[in-house]
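Below you'll find the structure, written out as structure tokens, and then a few comments.
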Ligand code: HEM
Ligand code: HEM
Ligand code: HEM
Ligand code: HEM
Ligand code: SF4
Ligand code: SF4
Ligand code: SF4
Ligand code: SF4
């Protein structure tokens, strides 16, 4: 058995191959947790789940050998007052590797934009070293802080540690559990106005407001299936909201792109080929450049961001800002993968949060009543039709909702029938 | 078991608290970010991994980005915090693709920071791009849990990601690509990672229906809830034999039944594997968002380093990088050269597994505008 710093580790010849190479290694992380938690325990620290990381090494080495998972689902686990946020996970080797027989995940709601002070992160580390495996994912695909692996009886103490993280561990604020199951999943946002000059609305505040207003929906699964909200400050969509959320809020503008002609000339002087890199790449041919002045035909511009991306000092989104809402984005399960499509072409930035809440609540009532088990809202819209959905959210059909009108004239004129 | 005196921890005595929500982001912001919130003027790429952000006030912040393995021990997170305390006034940020960023005010600290992170953590500086020059780096691979923590994976996640990034390391630390390229991995077709709009996606695929172990079903499963879990109606109860019957033609290998019932495992070491999809994109820049398309239906699981998957991804990436024009993402490049040329250049085989799409997505969907790009 290999011994590191006086700690015995299991033989893991296959996993050891993944310690080689220049990219940071997750195997090193698991080994580090195994070694350091044992050392910390020997030094007198309280660690309630000794050997968890070592156990994970053993299970994972077996999976690498057997080419299959050794985890199974089974049994609902939860913390007080909540129906989601914890994912029950058990090892199918049961008593052979008792350290990880239970190995539940806890999802913790991250701060909007994934900004942290070290005080907050250290506090989470101290609590999780004590009550769990000491292993995390920063972050899960939805955006939560993922705490990877603890036993059923430690779930509530860990939830309490987080709820009193300020008092017990010196964090600047407590942390709450995130979403899982058929509920509102933890909303996420791009860094927006915190760092990015392209942001057309306050993504962090919007994300925070949705999260706070809908704590009940987030913590108590009661819907047909999951529902995700993601906030991107501009059409670059850095949080992939179009594909990864049922309700994507994408910053955009309505008026003219702001141009600083001097800055354009400086870019040209510095070697940017404005004709080739900007004019020719505009999808609508809306830009012209005579070596002296850059002109944009804003009637033709589709706000794709390309020219602004290339010339960030010279071009800016317009001043009449707001967001487009796309509805229905989701992964393949059940009816195939889709990207969200336009539900509301434009909401001005200063009305955005309240208007979104109004629409969200209308959608949830409708979906809750009409959705089948495991039917995402996009799939329900396919089943009953987009025109029904538009009534629910109080929108009129708009040509901006489609690439093109329909092909077939078999239109149902229901309102004319007796 | 030796009886121990039970001493309660404070966490075990406190009243549970609910519904107070996450910390407000404002207390997590570096002072320069807080002071210039919503007032950033422009950015400039200093070198791969380092973006200089200039505010209207004249304040300057250097944001320095490093790749991480996503799976982090609390001990490494503490090291990251030590570095943030030393260089970044006690603040830091994670990105949506599992990178970590520090905020510097003094440009002279950039090189020492990069060195210290490399020595203490082994995390590479990079993952950025310079749109002005049209030179792009590869960013981190988003991925799911795999054999580390999920019960339905058809492949591992972290291991393949590590093997691929080892091979593509120089693309992360440098700006050598003609356009953005997002690589993603989901360990089964449920796609928790929602990788279906990535330039290159690796997706774990099961190819055989669950194996029903009647004995185990009787012992461990509730039949009605198992049957109800199947989204395609492939399962029927067999009340007489107290088990379930599976219609092989209806099954989409999703593993939902296994979630409910440990008696019908979906995994299959020899038949599980990895499909490769390409040409998805999400930003509206130049070309509308696109779903990824399947170009390799199956590659074997070959742990610990999945050489077939790594080489296929590398081949696709490098063929594109050599042939694409500036700003042409994979979707745009294939749009210009055609799929016939794509298969010719990459040497991938076109088979009947790549045609006849999954039939459940309705036609009406294809008319909807999947983009925020339109005229006013
Ligand atoms: C029937 C379909 C699905 C099943 C049975 C399923 C099951 C699971 C399970 C068991 C996990 C936990 C893995 C663990 O930590 O132990 C998980 C994680 C997750 N699921 Fe799903 N899932 C399904 C579909 C989806 C879809 C369609 C999405 C997204 C659109 C999604 C998003 C997520 C995310 C974001 C995570 C966290 C994964 C990570 O970051 O590693 N899931 N899912
Ligand atoms: C101010 C900072 C940022 C700027 C100016 C910026 C700019 C951009 C641009 C220009 C694009 C589209 C590029 C193109 O298609 O040519 C883009 C896409 C993207 N950015 Fe950012 N970005 C920023 C920060 C980030 C951050 C911090 C992340 C998270 C790690 C991120 C994630 C993404 C992703 C995932 C996409 C691709 C969406 C897709 O799949 O198409 N960006 N960003
Ligand atoms: C900026 C947007 C676009 C531009 C500038 C553009 C330009 C072109 C051009 C010049 C051709 C003729 C190529 C040839 O046959 O030599 C073409 C063909 C085609 N385009 Fe596009 N296109 C755009 C967007 C799209 C989109 C979004 C789609 C599909 C969703 C699309 C689908 C096609 C198809 C199917 C062909 C026929 C290809 C063939 O016959 O092999 N295009 N496009
Ligand atoms: C010579 C051939 C073509 C040219 C020059 C061309 C050009 C363009 C241009 C300039 C755009 C961006 C304009 C806009 O979105 O308003 C565009 C968008 C698009 N094109 Fe084409 N295109 C061609 C062929 C096709 C074909 C054959 C298809 C479909 C089979 C197609 C589908 C689309 C779609 C879906 C969009 C996105 C529309 C939108 O975002 O509003 N294009 N094309
Ligand atoms: S989505 Fe737009 S506003 Fe948000 S970080 Fe990306 S580029 Fe900036
Ligand atoms: S934002 Fe896009 S469509 Fe509009 S002018 Fe710039 S490149 Fe052209
Ligand atoms: S993608 Fe599939 S296997 Fe991977 S974590 Fe999600 S449900 Fe599990
Ligand atoms: S794997 Fe999915 S589709 Fe197949 S029987 Fe099970 S639940 Fe039904």
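Please compute the modelled spin-label separation between residue B:166 and residue A:39, points set 7 Å along Cα→Cβ, answer in nm with one decimal.
2.5 nm
Just the C-alpha atoms of segment B:268-335: what Rg/Rh do they give, with Rh taken as the Kirkwood radius?
When Rh is taken as the Kirkwood radius, the ratio is 1.06.
So the label point goes 7 Å from the Cα of residue B:353 along Cα→C-beta, right? Which residues of segment B:201-238 then have their backbone N under 15 Å from it?
Answer for segment B:201-238: B:202-209.
Looking only at Cα atoms, what is the convex hull volume of segment A:129-250 per residue, in Å³?
It comes to 122 Å³ per residue, whole-number rounded.
Nearest 500 deg cm²/dmol is fine: what mean residue ellipticity at 222 nm does chain A get from its DSSP H runs of n ≥ 4 alone, each adding -39,500 (n - 2.57), divided by its residue count?
-9500 deg cm²/dmol
Would you mind ranking B:350, B:267 by Cβ crowding within 10 Å, fewest neighbours first?
So the residues, fewest neighbours to most, are B:350, B:267.
Give the Rg (one decimal place) followed by the Dmax (whole number) of the protein assembly as shown, computed from C-alpha coordinates and expressed in Å.
Gyration radius and largest Cα-Cα distance of the protein assembly as shown: 25.7, 86 Å.
Starting from the eigenvalues of the Cα gyration tensor, five times each then square-rooted, give me the equivalent ellipsoid semi-axes of segment B:52-144, largest first, whole Å.
Working from the Cα gyration tensor, I get semi-axes of 21, 18, 12 Å.
Rounded to the nearest 10 degrees, what's the angle between the helix A:352-370 long axis and the longest principal axis of chain A, both from Cα atoms, 0 to 90?
Rounded to the nearest ten degrees, it is 70.
Need one number: nm distance between label points at residue A:300 and residue A:350, each 7 Å from Cα along Cα→Cβ, rounded to one decimal.
According to this spin-label approximation, the distance is 3.4 nm.
Mean-square fluctuation check for chain B, GNM, Cα pairs under 10 Å: which of B:26, B:292, B:283 is largest?
B:26
State whether chain B is rounded, prolate or oblate according to the following rule on the C-alpha gyration tensor (a ≥ b ≥ c being the square roots of its eigenvalues): a/c under 1.5 gives rounded; otherwise a/b larger than b/c gives prolate, and the remaining case gives oblate.
In terms of gyration-tensor shape, oblate.
How high is the relative contact order of chain B, in percent, counting Cα pairs under 8 Å that sit 6 or more residues apart?
The normalised contact order for chain B reaches 12 percent.
Within segment B:274-294, find all residues whose amide N lies under 17 Å from a label point positioned 7 Å from the Cα of residue B:341 along Cα-to-beta-carbon.
Under 17 Å, as judged by backbone N against the label point of residue B:341, lie B:279 of segment B:274-294.
For chain A, modelled as a GNM with alpha-carbon contacts under 10 angstrom, which of A:256, A:375, A:388 fluctuates the most?
Among A:256, A:375, A:388, the largest mean-square fluctuation in the Gaussian network model of chain A belongs to A:388.
By how many degrees, 0 to 90 and rounded to 10, does the Cα axis of helix A:118-131 deviate from the longest principal axis of chain A?
40 degrees
Provide the FRET efficiency to the nearest 0.05 for the residue A:398-residue B:6 pair, computing r from the beta carbons and using R0 = 56 Å.
FRET efficiency, residue A:398 to residue B:6: 0.30.
In whole Å, largest first, what are the principal axis extents of the Cα atoms in segment B:177-310?
Answer, in whole Å and largest first: 63, 33, 22 Å.
Need one value for A:192-204: mean number of C-beta atoms belonging to other chains within 10 Å of its residues' C-beta atoms.
Shielding by partners across A:192-204 averages 5.
Which percent, nearest 5, of DSSP beta bridges in the protein assembly as shown are antiparallel?
In the protein assembly as shown, approximately 85 percent of DSSP beta bridges are antiparallel ones.
Hey, rough spin-label estimate for residue A:290 and residue B:15, points 7 angstrom out along Cα→Cβ, what's it come to in nanometres?
Going from the residue A:290 label point to the residue B:15 one covers 7.4 nm.
Note the full-extension length gain between residue B:222 and residue B:118 as 0.36 nm times their separation in residues minus their Cα-Cα distance, in nm to one decimal.
Contour length minus Cα-Cα distance gives 32.2 nm.
Springs between alpha-carbon pairs under 10 angstrom, Gaussian network model over chain A: which of A:163, A:199, A:404 fluctuates most?
Most flexible of the set in this elastic network: A:404.
Give me B:340, A:358, A:17, B:7 ranked fewest to most by other Cβ atoms within 10 Å of their Cβ, as a rough exposure proxy.
The order, fewest Cβ neighbours first, is B:7, B:340, A:358, A:17.
Take A:217, B:116 and order them by how many other Cβ atoms sit within 10 Å, fewest up front.
Listed from fewest to most nearby Cβ atoms, that is B:116, A:217.
Using only C-alpha positions, report the orientation-averaged shadow area of the convex hull of segment B:222-376, nm², one decimal.
So the Cα hull casts an average projection of 13.3 nm².
Taken together, the values in this text are just the output of simple stated rules run on the coordinates, not laboratory data. In this text the structure is predicted, and so the values were computed from the model without any measurement. Because the Cβ atoms are built from the backbone with ideal geometry, glycine has one as well, and the counts that use them run over all protein chains shown.
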